[in-house]
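Novice: Structure provided below as structure tokens; questions to follow.
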Amino acid sequence: MNPQRIAAELARLEQQHLARRRRIIDSPCGPHMVVDGRPCLAFCSNDYLGLAGHPDLVAALCDGARRWCAGSGASHLVSGHLRPHEELEQRLAEFAGMPRALLFSAGYLANLGVVPALVGRGDAIFADRLNHASLIDAAQASGAQHRRYAHGDTAALERLLAADGTGDRLILSDAVFSMDGDLAPLPRLLELAQRYDAWLVIDDAHGFGVLGPQGRGSLAHFGLAASERTLYVGTFGKAAGLAGAFVAGHDNVIEWLAQRARTHVFTTAPPPALSCALMKSLDLIAAADERRARLRQLVGRLRRGLAGPAAERGWRLADSPTPIQPIVVGGNAAALALSAALEARGIWVPAIRPPTVPSGTARLRVSLSAAHDEADVDALLGALQEAR
């Protein structure tokens, strides 16, 4: 793409109300932030349990840096796998109910590493149509045939599996869909994986820490036991309050990923201090039943308050039981206008537009946190009532 074409494409994004811009935040992550120099009540963060600013995590991070210094110095397979990394992997495997876990520097890198290590040319991936961009990119990078089924439609998925005549198969899905907040039908996906001799790779970025007993994630939420066919991807940049990711599964497949997942093999290991803080985060997540209960209460309060206004104005409130509460507006310009009207009232809710969501379904994505309180939710409801 030459410079002239880049300029033309940027202009096109502006004309279609699809251009994005970064906001400068002058305060720590939390419900009350300073954005571009102005204070606001924010419903943007994925810090679902409100742990990003927890003093115990800050202390663990600082203590870890004092003990293990700042960086790891190399990839895990060279000299960068320090004791805190090993201990964290063992803790994560236990927490996820799997035999073994493997660290990655980000959830995006975990997905890009796992999928191409399991399937390639001559194989097939069966993917939910609303999967996260990292899963789409991972499928494309693998070289396998990428067969997409309608969102949550397991009957369509089974038809694709039954008609498939390729080599290895992999079912690929988010557990909680990041722009809709709904849950994948994991029990049915696992059943189909077993019946059709397929891998099941689940990205639980938005369920880890929030769903299941003690926040152990979406598989635990559905009461699903560890399966040799299942790989569970969890991330730390959301409910855990920090950064990074892991993949959990059975011994042989995790060893294979340690040998062949390129984003693990060829990436410098995360700072060991981060692993120290993440072990503290696991303790906090396990003890956070009160925070998860508060989240459920806030979700219910918001949904009850939105039911009337959404019906009056032609908005659609997504069927989500999670902290992700999208208000589907429709057009790009209308979503931007509603977001701007809220911001003028001191409330920040981002407008999400294509290609992140399908065309014609632009929305405000309300993200709730246990750090919010009822007054915050009521302020948002009041502002939405005023913003016409």
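The values are calculated or read from the model by the stated rules, or taken from the named source; none is laboratory data. Computed from a predicted model, the values in this text were never measured in an experiment. Cβ: placed from backbone, ideal geometry, glycine included. Neighbour counts: every protein chain shown.
Novice: I'd like the residue in region 100-153 that is among the acidic types (Asp, Glu) and farther than 28 Å from Ala74 by Cα and, out of all such residues, is surrounded by the most Cβ atoms within 10 Å (Cβ to Cβ).
Specialist: Restricting to residues being among the acidic types (Asp, Glu) and farther than 28 Å from Ala74 by Cα, the top hit is Asp128.
Novice: Ok, one more. Return only the number of the condition from (1) exposed (fewer than 12 other Cβ atoms within 10 Å of the Cβ); (2) part of a helix (DSSP H, G or I); (3) aliphatic (A, V, I, L, M); (4) touching a residue at least 24 places away in the same chain (Cβ under 8 Å) that Leu10 does not satisfy.
Specialist: Exception for Leu10: condition (4).
Novice: Return the residue satisfying two criteria in turn: it lies in region 336-363 and is touching a Pro at 6+ places or on another chain (Cβ under 9 Å) and among the hydrophobic types (A, V, I, L, M, F, W, C), and of such residues it is farthest from Gly215 (Cα to Cα).
Specialist: Ala362
Novice: Could we say that Arg83 is loosely packed, with under 15 Cβ neighbours inside 10 Å and assigned by TED's automatic domain parsing to the domain that holds Ala248 here?
Specialist: yes
Novice: Just to be sure I understand, how many residues within region 24-50 are part of a loop (DSSP other than H, G, I, E, B), under 27 Å from the mean Cα position of the chain (by Cα) and free of Cβ contacts under 8 Å to residues at least 24 places away in the same chain?
Specialist: The total comes to 4.
Novice: Okay, next question. Among the residues that make up region 322-340, is at least one of them assigned to a loop (DSSP other than H, G, I, E, B), touching a residue at least 24 places away in the same chain (Cβ under 8 Å) and within 24 Å of the chain's Cα centre (by Cα)?
Specialist: Looking for residues that are assigned to a loop (DSSP other than H, G, I, E, B), touching a residue at least 24 places away in the same chain (Cβ under 8 Å) and within 24 Å of the chain's Cα centre (by Cα), one finds at least one in region 322-340, hence yes.
Novice: Further question on the same structure: Could you check Glu94 against (1) surrounded by fewer than 17 Cβ atoms within 10 Å (Cβ to Cβ); (2) farther than 24 Å from Ser178 by Cβ; (3) in contact (Cβ under 8 Å) with a residue 40 or more places away in the chain and say which number it fails?
Specialist: Checking Glu94 against (1) surrounded by fewer than 17 Cβ atoms within 10 Å (Cβ to Cβ); (2) farther than 24 Å from Ser178 by Cβ; (3) in contact (Cβ under 8 Å) with a residue 40 or more places away in the chain, the one that fails is (3).
Novice: Return yes when Gly167 is of a type outside the set (S, T, N, Q), part of a loop (DSSP other than H, G, I, E, B), at positive phi and in contact (Cβ under 8 Å) with a residue 24 or more places away in the chain and no when it is not.
Specialist: no
Novice: Being hydrophobic (A, V, I, L, M, F, W, C), free of Cβ contacts under 8 Å to residues at least 40 places away in the same chain and closer than 21 Å to Ile324 by Cβ is the requirement here; does Leu189 meet it?
Specialist: Yes: the conditions hold for Leu189.
Novice: Could I ask something else about it? Taking Leu18 and the conditions (1) loosely packed, with under 15 Cβ neighbours inside 10 Å; (2) out of contact with any Ser or Thr (no Cβ under 9 Å at 6 or more places or on another chain); (3) in the same structural domain as Leu380 (by TED's automatic domain parsing), which numbered condition does it fall short on, given that it satisfies the others?
Specialist: Every listed condition holds for Leu18 apart from (1).
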